[in-house]
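J.: Once you've had a glance at the structure underneath, I'll fire off some questions.
The values are calculated or read from the model by the stated rules, or taken from the named source; none is laboratory data. The shown structure was predicted, so the numbers you read here are calculated from the model rather than taken from an experiment. Heads up, the Cβs are rebuilt from the backbone with ideal geometry, glycines too, and the neighbour counts pull from every protein chain shown. Just so you know, the surface numbers come from the protein's heavy atoms only, side chains and all, with ligands and any DNA or RNA stripped out. Shrake-Rupley method; radii C 1.70, N 1.55, O 1.52, S 1.80 Å.
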Amino acid sequence: MFHSSKIEINKKAFHNNLNYLKNRFGPDVKFSSVIKGNAYGHGIENIVPLAEEAGVDHFSVFSADEAYQAQSCISTNSTIMVMGFVDDAGLEWCIENDIEFYIFDFERLEKTIQLAGKLKKKARIHLEFETGMHRTGIEEHLLDRLISLVLSNLDTLEIVGICTHFAGAESVTNYLRIKEQMKIYNRIIRKIRKLNVPFERLHSACSAAAIRYPRTRLNMVRIGIAQYGLWPNRETFMLDLSSNDKEINDDPLQRVISWKSKVMSTKEVPKNQFIGYGTTYLTNTNTQIATVPVGYSHGFNRSLSNLGRVMVGGKRVPVIGLVNMNMMIVDVTTVDSVQKGDEVVIIGSQKGKDISVGSFSELTNKLNYETLTRLPRHIPRVITG
Ligand SMILES: *Cc1c(COP(=O)(O)O)cnc(C)c1O
């Protein structure tokens, strides 16, 4: 209540993206919706029910605390998978609640066997292998030791998946590295098959890999950024367009998020006056300004001072002066009769014009991923469309 801005989540756009991606990957590929980072800023509690409406029943998070949050929103037939951090207390909670989680070292495997034994419940695990990213994952040379430990503890373990993660599938520059990762991963799968390890899923692909390298889809994909209507990077988008002979404006993905505020006050400032703190902006002429109650504490980066753009009255208008903690000032001289209370679009569309997450990210030198996940939780999210 009483917030100075709001974030809109467009249900139609989200459903469009899920349908497009699921059709593209086909019926044999399970779709895991990645909802880490507060569902890339969209809000776990908003995205989970909308995804379930569209038939998604698997969700991936980074940590047990995110799983805990997702657990309170999911319906009974959906599954949550933790791809990263779980401490011992979290591990026990995961096992008790049928939350799937990655095993990337022996310490966690041993702890899991011990806790699952104590709880008399099978832990649902995904074995993550090191294939060249060098972040987390079990090295191939430890495979025999790992598998014999797993096979002798099948009363406490259920191997749900065998997985890995690519070190930057969105860039052609990483192609050789990704190819080598695929090779190692496939070799690991062959070895595991030979050892007769029972498992259900093979998964390696994030959005970029699933789009660029269809063979990495296997029987499950972990899709984050694309379901929110954004491409992993521009390169992925351009290559996809050219490979499918589409037109530039045929983007099959639709942005789900918009961020809006309202004009807080307006005034006219004569020429040769500094605007806001300090001396970074001097008016050249009589200038009509509007104050917008959004600043860096709301996630509007201070580096957008004298650089950012917002939309008022269907026009793109520049941020002038420094972005403050809770406010920014914009030059609305070119817009007819701006009134207090008029809509201000920070990300989204207004009268057919658009400020994309991408343009916003570019100006702040950030990835779309970072722009989205930095949107503060305290800004209310509303579902539209
Ligand atoms: C974040 C993440 C994904 C999803 O990545 P997108 O590029 O957003 O699709 C998939 N797998 C792992 C292990 C991740 O950490």
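J.: Looking at (1) within 14 Å of the ligand (Cβ to nearest atom); (2) closer than 24 Å to Ser243 by Cβ; (3) touching a Gly at 6+ places or on another chain (Cβ under 7 Å), which one does Arg177 not meet, given that it meets all the others?
T.: Tallying (1) within 14 Å of the ligand (Cβ to nearest atom); (2) closer than 24 Å to Ser243 by Cβ; (3) touching a Gly at 6+ places or on another chain (Cβ under 7 Å), Arg177 fails exactly one: (1).
J.: Among the residues of the range 285-296, are any part of a helix (DSSP H, G or I) and either in contact (Cβ under 8 Å) with a residue 40 or more places away in the chain or over 18 Å from Ile211 (Cα atoms) (or both)?
T.: Of all residues in the range 285-296, those part of a helix (DSSP H, G or I) come to 296.
Among the residues that remain, those that are also either in contact (Cβ under 8 Å) with a residue 40 or more places away in the chain or over 18 Å from Ile211 (Cα atoms) (or both) are: 296.
Checking the range 285-296: at least one residue is part of a helix (DSSP H, G or I) and either in contact (Cβ under 8 Å) with a residue 40 or more places away in the chain or over 18 Å from Ile211 (Cα atoms) (or both).
Rundown of residues vs (1) modelled with pLDDT of 95 or more; (2) assigned to a loop (DSSP other than H, G, I, E, B); (3) outside the structural domain of Ser207 (by TED's automatic domain parsing), yes/no style:
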site	(1), (2), (3)
Arg316	yes, no, yes
Val323	yes, yes, yes
Asn326	yes, yes, yes
Ile329	yes, no, yes
Thr334	yes, yes, yes
Ser337	no, yes, yes
Gly341	yes, yes, yes
Ile346	yes, no, yes
Val382	yes, no, yes
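J.: Also: Please specify each residue of the range 217-228 satisfying the condition of being touching a strand residue (DSSP E or B) at 6+ places or on another chain (Cβ under 9 Å) and within 12 Å of the ligand (Cβ to nearest atom).
T.: Once the filter is applied, which keeps residues that are touching a strand residue (DSSP E or B) at 6+ places or on another chain (Cβ under 9 Å) and within 12 Å of the ligand (Cβ to nearest atom), the range 217-228 yields Met220, Val221, Arg222, Ile223, Gly224, Ile225, Gln227, Tyr228.
J.: If we scan the range 193-203, do we find a residue that is within 11 Å of the ligand (Cβ to nearest atom), open to solvent by less than 10 Å² (accessible area, probe 1.4 Å) and either more than 25 Å from Lys36 (Cβ to Cβ) or of a type in the set (S, T, N, Q) (or both)?
T.: First pass over the range 193-203, keeping only residues within 11 Å of the ligand (Cβ to nearest atom): 203.
If we keep only those that are open to solvent by less than 10 Å² (accessible area, probe 1.4 Å) too, we end up with 203.
Imposing the further condition that a residue be either more than 25 Å from Lys36 (Cβ to Cβ) or of a type in the set (S, T, N, Q) (or both) reduces the set to none.
Checked against the condition, which is being within 11 Å of the ligand (Cβ to nearest atom), open to solvent by less than 10 Å² (accessible area, probe 1.4 Å) and either more than 25 Å from Lys36 (Cβ to Cβ) or of a type in the set (S, T, N, Q) (or both), the range 193-203 yields no hits at all.
J.: Among the residues of the range 135-142, is there at least one that is touching a residue at least 24 places away in the same chain (Cβ under 8 Å) and assigned to a helix (DSSP H, G or I)? Show your work before the answer.
T.: Of all residues in the range 135-142, those touching a residue at least 24 places away in the same chain (Cβ under 8 Å) come to 135-138, 140, 142.
Checking which are assigned to a helix (DSSP H, G or I) leaves us with 140, 142.
Yes; the residues of the range 135-142 include at least one that is touching a residue at least 24 places away in the same chain (Cβ under 8 Å) and assigned to a helix (DSSP H, G or I).
J.: Give the residues of the range 57-88 that are open to solvent by 50 Å² or more (accessible area, probe 1.4 Å), modelled with pLDDT of 95 or more and assigned to a helix (DSSP H, G or I), sorted by residue number.
T.: Asp65, Tyr68, Gln69, Gln71
J.: Within the bounds of the range 362-377, is there any residue that is open to solvent by less than 30 Å² (accessible area, probe 1.4 Å), in contact (Cβ under 8 Å) with a residue 12 or more places away in the chain and among the aromatic types (Phe, Trp, Tyr)?
T.: Within the range 362-377, none of the residues are open to solvent by less than 30 Å² (accessible area, probe 1.4 Å), in contact (Cβ under 8 Å) with a residue 12 or more places away in the chain and among the aromatic types (Phe, Trp, Tyr).
J.: Please go through the range 167-192 and pick out each residue that is under 23 Å from the mean Cα position of the chain (by Cα) and open to solvent by 10 Å² or more (accessible area, probe 1.4 Å).
T.: Ala167, Gly168, Glu170, Ser171, Val172, Thr173, Asn174, Tyr175
J.: Within the group Ser60, Ser72, which residue is away from the ligand (no atom under 16 Å from the Cβ) and of a type in the set (Gly, Ala, Ser)? Show your work before the answer.
T.: Values: Ser60 fails: away from the ligand (no atom under 16 Å from the Cβ).
From the options Ser60, Ser72, the qualifying one is Ser72.
J.: Which condition breaks for Leu241 when tested against (1) at pLDDT below 95; (2) more than 21 Å from the chain's Cα centre (by Cα); (3) closer than 30 Å to Lys351 by Cβ; (4) open to solvent by 30 Å² or more (accessible area, probe 1.4 Å)?
T.: (4) is the only condition that Leu241 fails.
J.: Can you find a residue that is within 17 Å of the chain's Cα centre (by Cα), over 22 Å from Arg212 (Cβ atoms) and among the polar types (S, T, N, Q) anywhere in the range 33-52?
T.: The answer is yes, given that some residue of the range 33-52 is within 17 Å of the chain's Cα centre (by Cα), over 22 Å from Arg212 (Cβ atoms) and among the polar types (S, T, N, Q).
J.: Answer with yes or no whether Thr236 is within 15 Å of the ligand (Cβ to nearest atom), among the β-branched types (Val, Ile, Thr) and modelled with pLDDT under 95.
T.: yes
Per-residue answers, yes or no, for (1) surrounded by fewer than 17 Cβ atoms within 10 Å (Cβ to Cβ); (2) hydroxyl-bearing (Ser, Thr, Tyr); (3) within 13 Å of the ligand (Cβ to nearest atom); (4) within 18 Å of His126 (Cα to Cα):
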{"site": "Asn23", "(1), (2), (3), (4)": "yes, no, no, no"}
{"site": "Pro27", "(1), (2), (3), (4)": "yes, no, no, no"}
{"site": "Ser33", "(1), (2), (3), (4)": "no, yes, yes, yes"}
{"site": "His42", "(1), (2), (3), (4)": "no, no, yes, no"}
{"site": "Leu50", "(1), (2), (3), (4)": "no, no, no, no"}
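Residue by residue, here is whether (1) of a type in the set (Lys, Arg); (2) in contact with a helix residue (DSSP H, G or I) (Cβ under 9 Å, 6 or more places away or on another chain); (3) away from the ligand (no atom under 12 Å from the Cβ) holds:
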| site | (1), (2), (3) |
| --- | --- |
| Ala209 | no, yes, no |
| Arg215 | yes, yes, yes |
| Pro252 | no, yes, yes |
| Ser261 | no, yes, yes |
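J.: Any residue at all in the range 115-132 that's within 23 Å of the chain's Cα centre (by Cα), open to solvent by 30 Å² or more (accessible area, probe 1.4 Å), in contact (Cβ under 8 Å) with a residue 24 or more places away in the chain and over 30 Å from Leu239 (Cα atoms)?
T.: No, the range 115-132 contains no residue that is within 23 Å of the chain's Cα centre (by Cα), open to solvent by 30 Å² or more (accessible area, probe 1.4 Å), in contact (Cβ under 8 Å) with a residue 24 or more places away in the chain and over 30 Å from Leu239 (Cα atoms).
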